[in-house]
Structures are given as structure tokens and as C-alpha cells.
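Data block below; observations after.
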Amino acid sequence: MGRQGDGGIRLETDWAEYLSGHDMDWVVKPVSWDSGAFLGNGFVGAMAYGEEHASMRNTLRFVLGRTDVSAGSAGRSGFDPRVPVGEVHLRLEGWIYQPTSMRLDLWNAELRADITTTKGSVQLRAFVHSEMPVLCIELECSEEERGAAIEWAAYSELDQVLKQADGINLNQPIPNTVVTRRTVDRVGVGIQRFESGQGCTTSWTEREGAEGRRSYWIAVVRGCEETDCAEAVRVVREASDLPGDRLVRSHRDWWHSYYRQSFVSIPDSRLESFYWIQMYKLASATRANAPLLDNIGPWLTTTPWPGAWFNMNVQMSYSPVYASNRLELGQSLIAALRRCREQLIANVPEAYRGDSAGLGRSSGLDLKSEVDDEVGNLTWICHSVWRHYRCSMDEELLRDLLYPLLRRSVNYYLHLLEEGEDGRLHLPPTISPEYGSFKRLQVADCHYDLALLRWGCETLLDSAERLGVEDERIGRWREVVERLAPMPTDDTGFRVGKDTPLAFGHRHFSHLLAVFPLHLIRCESSEEWELVHRSLRHWLGLEGDLRGFSFTGAASIAAALGQGELALQCLHTLLHLITPNTMYKEAGPVIETPLAGAEAIHDMLLQSWGGVLRIFPAMPAQWRDTAFHDLRAEGGFLVSAVREGGETLFVRVRSLAGEPCFVRSDLTGRGAVRAVEANHGREDRSDRVAVVESGLIRLDIRAGEDIVLYVGERVPDLAVRAVRPSEAPPIRNYFGGRTPWRQYGLGQGCRLSCQSRPPGE
């Protein structure tokens, strides 16, 4: 049993054993992007699956991707799009046949497969190294499969069967490409030069081992010049020259450290598996030094969205970074904003560039996207950075990036404000994302923009005070907060805009942004609670155009209402709308929706907006036992908590920044709340606890302190462990291939719940 010590708190889990129950599993070979096994390190990705066309049944594909490879010229969508970089094929002597199985080991971030063919068998291990842009593939072949081999193919060289396997999208720009192959000191090199002059370089090498064993290393680098070729060769040489155990150990060490940053256990086996696969996906898709996480990460395939969309997608993709205590992954967003500050200014009309900045709907990695009638996207991106700041309390981030960028974003809104006859400040018609999209429907006093402008002004006022800045715009921001038109409502709840009710199905929660994620409406009074509940009921009741991401937003809104049962219903609905490998697909593949589903789970366990730590704020009746360790809260707090038998056993709060701390939990309803300082021999600190109102306590905690709250005469066992699944038998390894029978206890050596003898015997 592994113990992760943390002062007086113990995380007791055997990580390898625990995560093995959540590994993705295939009992037959996957044959599409929807069900493939995905590997990645924020730069290089690979999706492994096969193809059922007769000419390809002996092939396992590794569809490669590189997040910073783009066409180098504007595509049909008006920006520089991502483009495919090719594939690696494992060509076998026989057709892939039964029994073939695959497993994605989450703990070690490795794919392992036992491949049976019509002629023999192959054992495979593959991983994209955690810190090198290299795909590593190891094979052990039976005598009949000694002829198995790895081949690289540029995207332009692929058979049409493979190009069309995941659909055809004529909107996806694919550049004309010239492919050059060469060998450099026994390293194969494939150079793809696009018509723009940009491109990418793939290199590969192999090494024969004993008794049918073989190892391959494949690298993908951006660029197609001689220096890029030399870099690609260097990378595979460096990887192949390392002793095999050292390469594997360095890869695994990174992942093991990553997982230990926080821990979540819930009694719903499928959702728990889903959650941990999203944590794996998140670190596979982005890293601190990686490009901006766009709509598809490193697993590009046929898609109408080969870039980044800013009216929801990027924000949702980064949303689980903060509470999961994986802030380093959010640095890729921060780095993109720092790098592209001048472009963000150039995105607004020239007359406003002196003091404003903005971001249109979609762009490539350069963030070049002119602002039209969808105004608030940069402000919403700033909210993601604000969450990063509030969870880290990094004042440098606030001063040097967030404050000046948010200031420019809000300034653009200020140029648009108009005073109405009612004395209020109003916004002209703008777009509420995804409502009436094909009509380009514009609405005055759009909820989306009113909410973002109000949040922006309130946040700038708070930031200026914290930084000690005497900003000349402070008076204007205060005026906006006081005089801005209220969010329009009617008897159904929030309207889309002043003259626009929510009259038909709407997949986006843009008309509820003031509730989530901005939390301007806090559901703390009965009037606000009823308004939000009515709005949510009306939105979901229209059905219409509801999609997967509708239910992630609805789950988080339900959690803000304290409606755990409804939040759980929304998440269970989401599980019907994602792909078997937990990806997501509408007109094409995207990855933000499942990642936002992980954030909704966080919202059920811990909320920290408004200066209050809310512990287990939205627990369904089924989740009587639940535990989490080192989730990160706004104010720079690490929080651990255990719930047993429907009651909170203890809450541990560690302060990293010395911010004021208010905690809301069910502890206050069960007696006097006591406290001990866990990292100093459990010294009593009950004098630091003050109940300020029903269910809310003020905790006097200083930076570096580690205080445990509990009720009763004795300090409880301060151990965080995985909770027992509520299903019997538990649902293990549900995701990967299509295995719905496991939801009902079938498969994996199950004990069938039927009569032991035939009827009549």
C-alpha cells in the first residue's frame, strides 16, 4: 500500500492497482478515431486503431499528430489551420484476428496489446515519451510474424480508404505537399514541405533484439529545413541510444509524479474511470511548454475545426486544470497570451487599438482573429487566467499579464456602451454564442456580454486594489458596475438578450454565463436560487439542440445550486454522448467536452468561488462515501476531505498564500467544529475557528499551515483512501472499446445472475 505523506494527512492508495481498474480496455481491435487508443505529451500524439477494409486488415495504424504543425497559410476558415502529419503502420503477415486485446495502462501511460493474426501473434508496447517528441514501439513476434514491420507514410501518400476512414470533411484545408525521403546514418527521414514553405519532418530508426524482439523510435518535429532534419535525427538517436529501462523509467517517473498531484475517488465506477481518463488526456494533450490546447489536441483527424475556438472550447479544455492542482498545464494558455499580445491588439478595429484588445471566434496558434459581433471571447479567456491566478495567488501573473490584458478587453466593451433613456448603460446588438448561429442572430443587451463586462469591471476593481494601482479608469469601472443594464429575465428565467427570450433549443450555456462559470449570480438567496433553477429547467426542457457540452455546463450549474442528483443525471447523460474512448464528436472530433465533464465532477466535490471553500456542495444520495486529496481552491488552498456514511468526516485545508479562509460544510450542523494543526503534532487550533453564520466558518490559517477540521471529541483517522464502488459488482475498465455489457456486470469473468440449473431440473 503506497502512502503519500502530507503532514498529518495520509493518502493511502496503491496507485498502480487503483488506476488499473480504470485502464482503457479493448477486447477486439478498435477501428476508428472514436475508439482508438491515444498517446501524447502535449506536442506529439498518436492514435492507435485498425481498419476493416480488406486491404488493411493486417495493419495497426498509429495516426500521428503534432500540435504546432500548420499549413502556414489561411484556410477556408480564415486562419492558419492544423494539418495531418502522417501515420506509422505496423504491417503484419496475417490479418488481425481473434483473440486480440489492447489495454491503455494509465499509471504508466503505455499501450500494450496482444495481437493475434491469422498466421501468428505479436506482443506490442507503445508510448509517446513524456518529455521527448518520440513515439516508442516495442514488438515481440512469434516465428510466423517475424516479417512484421513498421512503415511511415506521409498523409498525402495514404490510401483513400485510410483518409476517409473517419469521415470526409470538405471544409478541412489540406495543403499540397512535396514529400522527400532520405536516410541519414541509418535513420529514416521523411520531409513534408507544404505549398506555403512550412512543413514537418518525421524520423525513425529501429533496433533488432533477440528472439523476435524489435524496438522502433519515431520522432516528429516542426519544420522542413536542414536544421529540422538534423533535429529529427538527433532526437531519435538520443532516444534509441538510451538503455531501454532508463528511457521507460524517465517516461514513467514523469507520469507517476503527475498523477500524485491530487486524488479523487467517488463511488460511481464509470464516472470515476471517466475522471481519471480525463486527467490522463489532459497531460497527453498539453504541457507547460506546449502550444495552446486547441479543439483537438495532438490527435488531429478529419475535422471542420482544425484550430482553436474561443467562445467555449479553449475555456472548457483548460477548465479542469485549476481544481485538479495541475496548474503547470495551464501555463500553455498563459504563454500563448504573452506571446501574442500584439496580435490581440491588432484583432480590434484600428481606431480602438490604442487601449483595447480582443479575440474573434477562432484562430490558429498565432491568435489572429478579428473581433466582429462576437465580442466577449477574450474576456472569457481572461476569466480562465483569473482562475489560474486565484488558485496560485501569483501576483506577477496578475500584474504583468492578466490585469493589462483584461483592462484592454474591457476597454473594447466601454467603446460600445450606450446610455439609454432609462439612465442605464446598454450594449448594442451582439452575438450570443451558438444561439441562432446560422442566422447570425444579434441581440441587444446580450446576457453573454453583459455578464462578461460586469465580471471584467468587478475583477479590475478588485485587482487594482490588490496591486495598489491608481488606475485612471477606476471611476469608469465603478460606474459600469453601478449603471450597467441588468441581465434580462422573464418568467422562464434568464433571456438571451433584452428583446430575445430563450425560445428554442440552445446547446450553449452562453445565456447563463453569469451563473457559470462567472458566478456573478451566486444562488445564495432564495430569489437567486429560484431564478437559476427556473432558467436551468427551462433550458433543458426545450431539448432541441442539446449536445454533450450542454450537459457539462448544466451539471456545473446544478452543482452551484447544490442539486447533486441533477448534476449526476447530467453527467450520466454525457456518458451516452461521448465516444467509447471518452473523446467527443459532432460534425467532427473535439476534445473539450469530456474535459469539462471532469470539471463538473470537481464542482460537485469542491467549489471555491466568491471567497468561500464549499466542501461536498452537491452530493447525490448515492455518493455516501467520497474522498479527495489536494484539490486546489481559489485563494491558494489545497483541500482534502473524506465523507463517510453521508457525512463529512474531516476537512484538511493547507494555505499556500495566507489568504482569508471561509469554509462551508455540513460539519457545522453536527456540533462544535474543532481544529488541529496537522503538520505540528496535531496541536489543537480550535480557537482559530469561528462560526459566522449557519454552515459557514471563518478559519484563521496562515501561509504554510495545515489545519484539519472535524466534529467530535477525538481526531478522526486522517487517511484518504479510494472509496468502495456503489455497484455490485463494480464496473471496471468500461472505456476504450465498446463494452456496454460491463455496465451490467457481464464480461471479465463475471458471475452471471441466473439460475444455477436449467428450469425443470
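The values are calculated or read from the model by the stated rules, or taken from the named source; none is laboratory data. This one's a predicted model, so the numbers in the text were calculated from it and none came from an experiment. Note that each Cβ is placed from the backbone with ideal geometry, even for glycine, and that neighbours are counted across all protein chains shown. Surface areas here come from the heavy atoms of the whole protein model, side chains and all, with no ligands, DNA or RNA. Shrake-Rupley method; radii C 1.70, N 1.55, O 1.52, S 1.80 Å.
Label-point separation (nm) for Glu225 and Glu157, each offset 7 Å from Cα along Cα-to-Cβ?
Label-label distance for Glu225 and Glu157, simple model: 2.5 nm.
Roughly speaking, what is the stretch gain from Ser257 to Ile168, that is 0.36 nm per residue apart minus the C-alpha to C-alpha distance, in nm to one decimal?
That pair, Ser257 and Ile168, stretches by 28.0 nm at full extension.
Please list the non-local residues whose amide H lies under 5 Å from the amide H of Leu631, H modeled 1.01 Å from N, same-chain partners needing a gap of 5 or more.
Answer set, sorted by chain and number: Phe263, Val639.
Given only helices, namely DSSP H runs of n ≥ 4 each adding -39500 (n - 2.57), what is the per-residue ellipticity at 222 nm of the chain, to the nearest 500 deg cm²/dmol?
The helix-only estimate for the chain comes to -8500 deg cm²/dmol at 222 nm.
Given R₀ = 45 Å, what would the calculated FRET efficiency be for Gln98 paired with Asp185, taking r from the Cβ atoms and rounding to 0.05?
Efficiency at R0 = 45 Å is approximately 0.60.
For a quick check: with amide H placed at 1.01 Å from N, whose amide H comes under 5 Å from Gln172's, ignoring anything fewer than 5 positions away on the same chain?
Counting only residues 5 or more places away or on other chains, the set is empty.
Name the residues of region 504-522 whose amide N is less than 17 Å from a point 7 angstrom out from the Cα of Glu543 along the C-beta direction?
Residues 504-507 fall inside that zone.
Mind listing the Cα extents of region 92-240 along all three principal axes, in Å, largest one first?
Principal extents (Cα only, largest first): 46, 38, 32 Å.
Could you order peptides 49-58, 451-460, 548-557 by the average number of other Cβ atoms within 10 Å of their residues, highest first?
548-557, 451-460, 49-58
Mind grabbing the accessible area of Glu465 for me, 1.4 Å probe, Å², rounded to tens?
150 Å²
Which order do the peptides 21-34, 337-350, 418-431 come out in when sorted by mean C-beta neighbours inside 10 angstrom, highest first?
Top to bottom by mean Cβ count within 10 Å: 21-34, 337-350, 418-431.
Positive end of the charge dipole of the chain (Lys, Arg +1 and Asp, Glu -1 on Cβ, about the Cα centre): tell me which of Leu365, Val348, Phe516 has its Cα farthest that way.
Positive-end residue among those listed: Leu365.
How fast does the chain diffuse by Stokes-Einstein, in µm²/s, taking the Kirkwood radius from C-alpha pairs at 37 °C and 0.692 mPa s?
Reported coefficient: 120 µm²/s.
Which peptide among 205-215, 666-676 comes first, and what is the full order, when sorted by highest mean count of other Cβ atoms within 10 Å?
Top of the packing list down: 666-676, 205-215.
Be a star and scan region 589-621 for residues whose amide nitrogen sits under 13 Å from the point 7 Å along the Cα-to-Cβ vector of Glu565.
Inside the label zone: 619-621.
For Asp23, what is the net charge nearby, where nearby means another residue's Cβ is under 13 Å from its Cβ and Lys, Arg count +1, Asp, Glu -1?
-1
Counting only residues 5 or more places away or on other chains, whose amide H sits under 5 Å from the amide H of Asp14 once H atoms are built in the peptide plane?
Excluding prolines and chain starts, which carry no amide H, the hits are Gly2.
Modelled label-to-label distance, Glu586 and Leu242, 7 Å Cα→beta-carbon offset: nm?
Here the modelled spin labels are 4.0 nm apart.
Please compute the modelled spin-label separation between Glu131 and Arg399, points set 7 Å along Cα→Cβ, answer in nm with one decimal.
Using points 7 Å along Cα→Cβ, the separation is 3.1 nm.
So how much slack lies between Lys439 and Glu527, counting 0.36 nm per residue of separation and subtracting their Cα-Cα distance, in nm?
Gain on extension, Lys439 to Glu527, equals 28.3 nm.
Report ³J(HN,Hα) in whole Hz for each residue of region 79-90, in order, from the Karplus equation J = 6.51 cos²θ - 1.76 cosθ + 1.60 where θ = phi - 60°; Gly and Pro get x.
Listing the rounded values in order: 9, 6, x, 5, 9, x, 10, x, 9, 10, 10, 8 Hz.
Given Cβ point charges of +1 (Lys, Arg) and -1 (Asp, Glu) and nothing else, what value in debye, to the nearest 20, does the dipole of the chain about its Cα centre take?
The calculated dipole for the chain is roughly 1120 debye.
Starting from the Cα gyration tensor of region 610-761, take the square roots of the eigenvalues, sort them a ≥ b ≥ c, and report rounded, prolate or oblate (rounded when a/c is under 1.5, otherwise prolate if a/b is larger than b/c, else oblate).
In terms of gyration-tensor shape, prolate.
On a full-extension model of 0.36 nm per residue, what is the gain between Trp15 and Gln343, subtracting their alpha-carbon distance, rounded to one decimal in nm?
113.7 nm
Using a 1.4 Å probe over the heavy atoms of the protein chains, calculate the carbon and sulfur portion of the accessible area of the chain as a whole percent.
For the chain, the apolar C and S fraction of the accessible surface comes to 46 percent.
Could you run the Karplus curve 6.51 cos²θ - 1.76 cosθ + 1.60 with θ = phi - 60° over region 720-730 and give me ³J(HN,Hα) per residue in whole Hz, x for Gly and Pro?
10, 9, 5, 8, 6, x, 7, 7, 9, x, x
With a probe of 1.4 Å, find how much accessible area region 314-407 has per residue, and write the answer as a whole number in Å².
Result: 31 Å² per residue.
Take each complete run of DSSP H in the chain, measure how far its Cα atoms stretch along the helix's own axis, and keep only those covering 15 Å or more with mean Kyte-Doolittle hydropathy at least 0.0; list them.
Long hydrophobic helices here: 327-339, 548-560, 564-577, 592-605.
Using a probe radius of 1.4 Å on heavy atoms only, what accessible surface per residue do you get for region 61-140? Whole Å² is fine.
31 Å²
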